[in-house]
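Below is one structure, written out as structure tokens; the observations come after it.
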Amino acid sequence: MSEVNEPAAGLVDLGSIGQRLRDARISRGRTLKSTARAASVSVSYLSAVETGKNTPSLPILLRLADALEVPPADLLAESAPAPRRLTRNAPARPGITDLGHEDLELSIAGILATAHETGTAPVSVTDREVFIYVVDGEAGVTVDGTRVLLGAGDGLNATRARSISWDGVSARSYMLWVSGHVSA
């Protein structure tokens with residue numbers, strides 16, 4: 001006798017992520033091949049994710065969301081997301097914007113920084129996996145004392161870091177920060 005386990009309340013049903021990715025891809029008229037290429041994954045891997053045979057890591061999920069121009073929260077939401085248009089422009093005013101959703105076990109924040117502006121991680125880092133993606137411009141990210149310069153399109157993954165800080169390098173930079181529980 002087999003048993004089907006439903007996700008606990010408030011947790012993301014990982015099997016439904018693949019279906020949401022497939023729905024987003026098809027609704028945009030994209031092929032597996034073009035989407036996989038845009039997200040730098042293989043066609044067979046994307047197919048396995050869409051059919052629920054594989055679960056993407058957080059960095060790959062963000063690349064897939066970017067390739068399909070879908071907010072990452074929409075791929076992780078329990079119910080069908082409301083239709084919306086994703087803008088690729090960074091916010092007009094400098095600062096930190098909370099992009100998370102109360103039903104997700106992820107913290108998501110966007111930072112629009114100016115040159116020489118500094119700050120600490122806008123998401124929790126203790127016992128968490130943190131992914132930072134630079135959407136536009138250049139930013140420095142320091143993880144446990146080691147500074148890395150990131151440009152547009154660069155990402156950095158840190159697991160169980162003690163401290164993470166950032167500094168704006170270019171006149172204007174936009175960073176996406178995502179923090180989630182570390183997988184066992």
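Counted as qualifying within the range 36-78 are the helices (runs of 4 or more DSSP H) with 1 or more residues that are open to solvent by 50 Å² or more (accessible area, probe 1.4 Å), in contact with a helix residue (DSSP H, G or I) (Cβ under 6 Å, 6 or more places away or on another chain) and under 27 Å from Ala109 (Cβ atoms), namely 58-68.
When the criteria are applied in full, Asp154 meets the requirement of being under 18 Å from the mean Cα position of the chain (by Cα), of a type in the set (Asp, Glu) and surrounded by fewer than 20 Cβ atoms within 10 Å (Cβ to Cβ).
Under 7 Å by Cβ, and 6 or more places apart or on different chains, what pairs join a residue from the range 34-54 that is farther than 13 Å from Gly18 by Cα with one that is charged (D, E, K, R) and exposed (fewer than 15 other Cβ atoms within 10 Å of the Cβ)? Final answer for the pair search is Val43/Lys33. One residue alone among Thr118, Thr142 is of a type in the set (S, T, N, Q) and open to solvent by 40 Å² or more (accessible area, probe 1.4 Å), and that residue is Thr118. The condition of being in contact with a Ser or Thr (Cβ under 8 Å, 6 or more places away or on another chain), farther than 26 Å from His181 by Cα and modelled with pLDDT of 60 or more holds for only one of Ala115, Ala139, that being Ala115.
Of all the listed residues (Leu14, Leu68, Leu61), the sole one being within 30 Å of Ala113 (Cα to Cα) and modelled with pLDDT under 85 is Leu61. Checked against the criteria, Ser163 counts as open to solvent by 30 Å² or more (accessible area, probe 1.4 Å), modelled with pLDDT of 90 or more, small (Gly, Ala, Ser) and more than 23 Å from Ile17 (Cα to Cα).
The values are calculated or read from the model by the stated rules, or taken from the named source; none is laboratory data. What you see is a predicted model; the values in this text were computed from it and never measured. Positions of Cβ are generated from backbone atoms using ideal geometry, with glycine treated the same way; all protein chains shown enter the neighbour counts. Surface accessibility is based on the protein's heavy atoms, side chains included, excluding ligands, DNA and RNA. Shrake-Rupley method; radii C 1.70, N 1.55, O 1.52, S 1.80 Å.
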